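Below you'll find the structure, written out as structure tokens, and then a few comments.
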Amino acid sequence: MKKVLIVIDMQKDFIDGSLGTKEAEEIVDCVLNKISQYPKENIIATRDTHEENYLETQEGEKLPVVHCVRGTEGWQLDKRIAQALEVVPVIDKPTFGSVELVELLYNEWVKEELEVELVGLCTDICVVSNAILLKARMPEMKISVDSACCAGVTPETHKAALTTLAMCHVTVK
């Protein structure tokens with residue numbers, strides 16, 4: 001069985017930028033350690049990607065904090081994470097969950113059995129969204145989230161997301 005690591009949105013704006021938190025900063029070393037445990041060809045990363053008109057979108061209206069605008073410093077992966085990922089494909093996703101990621105993994109899954117582990121930011125928005133999309137498309141695929149390698153918007157919403165994931169048959173480590 002092939003084990004795949006998905007590194008969700010480990011970007012500057014979510015770590016120490018416009019939406020950064022101390023909890024996000026605290027998981028960087030854990031995520032780096034996790035990345036080192038997988039062959040590079042078994043890792044996929046995502047990057048939250050907004051355009052200049054972000055504040056005019058539904059998300060921008062509900063979360064009026066400009067972040068992860070394509071081409072800005074805050075949109076880039078954290079330098080340490082980017083260095084660790086080097087040649088790993090990065091999917092730019094315009095919203096919380098990535099249909100492109102799901103279809104990429106589905107196309108691999110129909111050829112060989114996969115087990116997927118997710119880490120990254122934010123547990124309560126993008127991590128949970130991608131895990132649920134994966135589970136909806138491939139209900140029999142083993143999916144896990146390493147809670148020590150994730151951080152939520154707040155510690156409370158991080159815990160709530162982990163509960164939601166467990167209720168949806170995603171293994172929470």
Boolean, T95 is part of a helix (DSSP H, G or I), of a type in the set (V, I, T) and over 10 Å from the mean Cα position of the chain (by Cα): no
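Kindly evaluate V102 against the criterion of being surrounded by 14 or more Cβ atoms within 10 Å (Cβ to Cβ), at pLDDT 95 or above and not in a helix (DSSP H, G or I). Even if it seems obvious, please write down each step before you answer.
On the way: surrounded by 14 or more Cβ atoms within 10 Å (Cβ to Cβ): yes; at pLDDT 95 or above: yes; not in a helix (DSSP H, G or I): no.
Spelling it out, it is not the case that V102 is surrounded by 14 or more Cβ atoms within 10 Å (Cβ to Cβ), at pLDDT 95 or above and not in a helix (DSSP H, G or I).
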Filtered residue count, segment 56-88, keeping only those that are in a helix (DSSP H, G or I) and under 23 Å from D29 (Cα atoms): 10
Residue among K135, K159 that is in contact (Cβ under 8 Å) with a residue 24 or more places away in the chain, surrounded by fewer than 20 Cβ atoms within 10 Å (Cβ to Cβ), of a type in the set (K, R) and part of a helix (DSSP H, G or I): K135
Qualifying residue in segment 45-54 (condition: surrounded by 15 or more Cβ atoms within 10 Å (Cβ to Cβ) and without any contact (Cβ under 8 Å) to a residue 40 or more places away in the chain): yes
So E52, is it assigned to a loop (DSSP other than H, G, I, E, B) and among the charged types (D, E, K, R): yes
Filter result (assigned to a loop (DSSP other than H, G, I, E, B), out of contact with any Leu (no Cβ under 7 Å at 6 or more places or on another chain) and not hydrophobic (A, V, I, L, M, F, W, C)) within segment 1-41: D16, G17, S18, G20, T21, Q37, P39
Single residue of V87, V69, V99 found to be within 18 Å of D16 (Cβ to Cβ) and out of contact with any Gly (no Cβ under 8 Å at 6 or more places or on another chain): V69
Residue under evaluation D78, criteria (1) free of Cβ contacts under 8 Å to residues at least 60 places away in the same chain; (2) out of contact with any Pro (no Cβ under 9 Å at 6 or more places or on another chain), criterion not met: (1)
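The values are calculated or read from the model by the stated rules, or taken from the named source; none is laboratory data. Since this is a predicted model, take the numbers as computed values, not measurements. Note that each Cβ is placed from the backbone with ideal geometry, even for glycine, and that neighbours are counted across all protein chains shown.
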